Each structure stands twice: as structure tokens, then as C-alpha cells.
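This report concerns only the one structure given below.
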Amino acid sequence: MSGSTKYLLSENEIPERWYNIQAHMPNQPPPPLHPATKQPIGPDALAPLFPMALIEQEVSRDPWIDIPEEVREIYKLWRPTPLYRARRLEKALDTPAKIFYKYEGVSPAGSHKPNTAIAQAYYNAQAGVKRITTETGAGQWGSALSLACKMMGLGCEVYMVRISYDQKPYRKLMMQTWGAEVIASPSDRTAAGRQILAQDPDSPGSLGIAISEAVERAVQDESTKYSLGSVLNHVLMHQTVIGQEAAQQMEMAGERPDVVIAPFGGGSNFAGLSFPFLRQNLTEGASIRCLAIEPASCPKLTRGAFRYDFGDSIGMTPLLPMYTLGHNFVPAKIHAGGLRYHGAGVLVSQLLKDGLIDAEAVEQLETFEAGVLFAQTEGIIPAPEANHAVAGAIRQAQQAKQEGKARTILFNLCGHGHFDMAAYEAYFAGKLESHKLTAEEIARSIEGLEEPVAG
């Protein structure tokens, strides 16, 4: 069989619950701290930003959280998503490995992001919220939340990182089509944005800066809340519909993966696919390797430090225990905008610290080389973020060939690249560079951050 094989589930098999890995982690992360007092904070401290239902999910230790039926009904627009065996890619690589990928690009927004956007908009609407503010890097999260807010009758205000605002005009237009207001960040609309512009009028922006602006706008208005597309516990949990479906589909294929791979920015992409498989490791004695792939130009997992740090650039959020490059870090202008975040989610950080997951970094040129090969063999043009997982899977397949051993690989193809063709144009023109941080740059960026103490 030379063609790819597709594994499909029915609408009735959409997961009915989200999986909460906090219930099974051997070590719980240190608590978040108040940004001013540096003392542990409770759930009430998050109330200005999030509705109580999401705060309860953030701190829950229950292993399963029911998915509201209204959310599942909207999921049916694109879920369950297909799982494919990439036989043509296997043939091109001449590898004994079996390569499977879960394709999340079939959602209306073209990525995995609506899995949590719909849920967050639902809980905000139930709480009587009128508007949601957020940030976006590549525009995939902003697109997803714009769609979700329109479906739930909410206003949406998106602060888009300036470099992506300029590089990805069609993502901006997508958000505007769904009724969102899109502002290039840093902007003069907020004190945080004005502070950054005063320091650097030509700032390319960062996710940390955009978060500061969105948070500032939310806390100034009681009818407005803030929404985050990654990093936080409840966001990672909402994405576990991906891994739950993939586990069922791998059973249909008669396989269990040896390694599960996903791109890594803040953690939702990686958590969505890997956490249900990590549950098998933690509760069933399985030994599935879970591998996060991040850009070499923003290597918080592979070269960052485990410290207390702010989620934003200005210092408005609680201090979180995370692997970080420092909240003042401004990444290079790579095209994988959704992965250009300075820190890693708390749960992923603790799992990495405990040696329960692994991470690798890849340079930009390697990711585009992998994405082009994938497009030419499997037909789907991946988003630049998704190319990181493709590159990680190819590395694993090549290693299997070198060792002469079979290996079953599963990765998350988190979105299509139809709105990212300018990045491919730059790649074909030889204009993309591979950027790598120096040890000195990283040391300066994390200087002064405190190391968490367990317990």
C-alpha cells in the first residue's frame, strides 16, 4: 500500500470529558505567586481575568471534567478530526518507522485552537461577560477566539504581535471577518503598549507584550474578561480531545505509538496530543515517549531555566513556576509566530523537570525543509508551527532507519499553512535564516528570576 491510510471516528465518539493530568502527576507544581507580595495566591486572585468556572478548572485535581453539550455540538463542525498513516512520507524517507499524524487543520480556523476557544467563550457567555480580550502571535489563536466569540455572542478584541500583524494580513482579515477588532501590538491604546513604544518605537512586539495589553484592557472593565490560548492549566486540558481521539484511532490501526510528538510554544498543542498518552504512562505502566519540538530561536524547554516568571512582559500576571527565557525576551522574527513565547506552561514545565517528557529544538530552515517534503508526499501544506512536529517526526524516522529498528511515530499536524504562503515564498527565495541564541543572551534574559522551591 503506497497511499496514506485514514482513520475516522463518528460524531458519537467525540470525547465527552476533558482529561486533567494534574490528578495523576507525581509532583504538583509550586503555587503561583502574587506579582507584588510574592506570596502564594488563591483562585480569587484570578477573578478579574477569568469566569469562575474556568478558575475552578484551573485548580481542579479531578481527572475528568465534563464537556458541556453546547460545546460538543459546536465541536461537531470539525470533530472528530482524522488520523492518517503517512505511507508516502515513510516511502520517501525509506524508513522502517510507521508515521501517523493527527490532522487538526480541518477546523474552521484551520488549527487546533478552537478546541479551547469555544470552551472559553462558552463559560464567559454563561457568566454574563460581554467582551473578551486576548493576544495572538501567528494569528491562529486570535482567529479561533474571534470565531468562538461570534458564535457565543461576545465582542472580541485581539492584540496581534506587530511582526505577525505585518507578515500575516490574511489572518488579520480572517479575525475581522468574524467580527473581531484587531490591534497591532505594541499599541498606543494601553499604558503597557505606550511604555514599550517609548523604549523602542520600532518594536516587533512579542506575545508577552501583547498579553500585557490584553490583560490591562480586561482589568479596566467589569464586563470584559481575558482569554489565553495556551500555557494555563484549563487551556491545556481543553485540548486533550485531540489525544483522546488519537488514542482511539491508533487502536483502530492496531498500533500504540512509541513516541508522540507535537510543536511547542506555550504548551496547549503538545499537551492536547500527549497528555492522554502520558496518562497511560502514569496509570497503566506504558512507556510512550512524549517529545515537544520548539524553535531553536525560542528554546525555553531546551535552554531556558526553571524559574518564577511573569506570563507577560510588563509584570501584570501572577508569577508562575515555568521554564522560561525571561519575560523581557523578544524572540527573533521567525515565521512560526505561534511558538515565539518566552515561557512554558506550568504543567509542562513540571513534567519536564520530573523527566516525564522530553524536548528538542529545531532551526527554522530544517522545519521548512520538513514541511515541503511533507507537502510533496502527503499533500497538506503545514503551518510553520506544525512544521516543527514534522521535522521532529522525520528525525525519529531517520533514527529508526539508522538503527534498523521499527518505530511507531505519532505527531500532531496542528494546522494548515494556507495563510502562511509568504513564509514559504521567503523559504524558496533563500531569505529565511536559521537563528540560534547565544548562552550570554539567555543568561542576561533570565538574570534575577527566582528559582521555585517545591512544597
Fill in the blank from the handout: When the charge dipole of the chain is computed with +1 at the Cβ of Lys and Arg and -1 at the Cβ of Asp and Glu, the Cα pointing farthest to the positive end, of LEU232, PRO295, ILE446, is that of PRO295
Exercise for the section: Could you check what % of the DSSP bridge pairs in the chain are antiparallel, to the nearest 5? Expected result: 40 percent
Problem - Relative contact order of segment 2-100, defined on C-alpha pairs under 8 angstrom at six or more residues apart (%) - result: 46 percent
Exercise for the section: Tell me the label-point distance for the pair LYS150, ASN12, using the 7 Å Cα-to-Cβ offset, in nm and rounded to one decimal. Expected result: 3.3 nm
Practice task
Mind jotting down the distance between the C-alpha centroids of segment 339-354 and segment 25-103, whole Å?
Solution key: 13 Å
Handout entry: the chain: proportion of alpha-carbon pairs further apart than 34 angstrom, %
Key = 25 percent
Fill in the blank from the handout: Assertion target for CYS156, CYS414, ordered by fewest C-beta neighbours within 10 angstrom first, is CYS156, CYS414
Exercise for the section: Quick one, could you list the DSSP H helices from the chain stretching 20 Å or more along their long axis (Cα atoms) with average Kyte-Doolittle hydropathy of 0.0 or above? Expected result: 364-378
Practice task
Sticking with the crude label model, points 7 Å out along Cα→Cβ, report the distance from ARG256 to GLU284 in nm, one decimal please.
Solution key: 0.6 nm
Problem - Over segment 90-220, relative contact order from alpha-carbon pairs under 8 Å, at least 6 apart, % - result: 22 percent
Practice task
Starting from the Cα of LYS172, draw a straight line to each of the lysines and keep only those under 29 Å, dropping any in the same chain fewer than 8 residues away.
Solution key: LYS76, LYS102, LYS113, LYS130, LYS150, LYS225, LYS300, LYS333, LYS431, LYS436
Completion exercise
Whole-Å distance linking the alpha carbon centroid of segment 236-310 with that of segment 420-455 is 21 Å
Fill in the blank from the handout: Answer in debye to the nearest 20: the dipole magnitude of the chain about its Cα centre, from +1 Lys/Arg and -1 Asp/Glu charges placed on Cβ, is 720 debye
Fill in the blank from the handout: Per-residue Cβ contact counts at 10 Å, fewest first, order SER203, SER107 as SER203, SER107
Fill in the blank from the handout: Unpartnered Cys in the chain, judged by a 4.7 Å Cβ-Cβ cut-off, are CYS290, CYS298, CYS414
Fill in the blank from the handout: From fewest to most C-beta neighbours within 10 Å, the residues LEU365, LEU319, LEU8, LEU49 line up as LEU8, LEU365, LEU49, LEU319
Completion exercise
Scoring only Lys, Arg, Asp and Glu (+1, +1, -1, -1) among other residues with Cβ under 12 Å from the Cβ of PRO35 yields -1
Handout entry: For the chain: relative contact order, % (alpha-carbon pairs under 8 angstrom, 6 or more apart)
Key = 20 percent
Exercise for the section: Give the cross-link partners of LYS98 among the lysines, using a straight C-alpha distance below 18 Å as the criterion and excluding same-chain residues fewer than 8 apart. Expected result: LYS6, LYS401, LYS405
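A short reminder: the numbers here are calculations on the coordinates, not readings from a lab. Fair warning: this is a prediction, and the values are worked out from it, not measured in the lab. Positions of Cβ are generated from backbone atoms using ideal geometry, with glycine treated the same way; all protein chains shown enter the neighbour counts.
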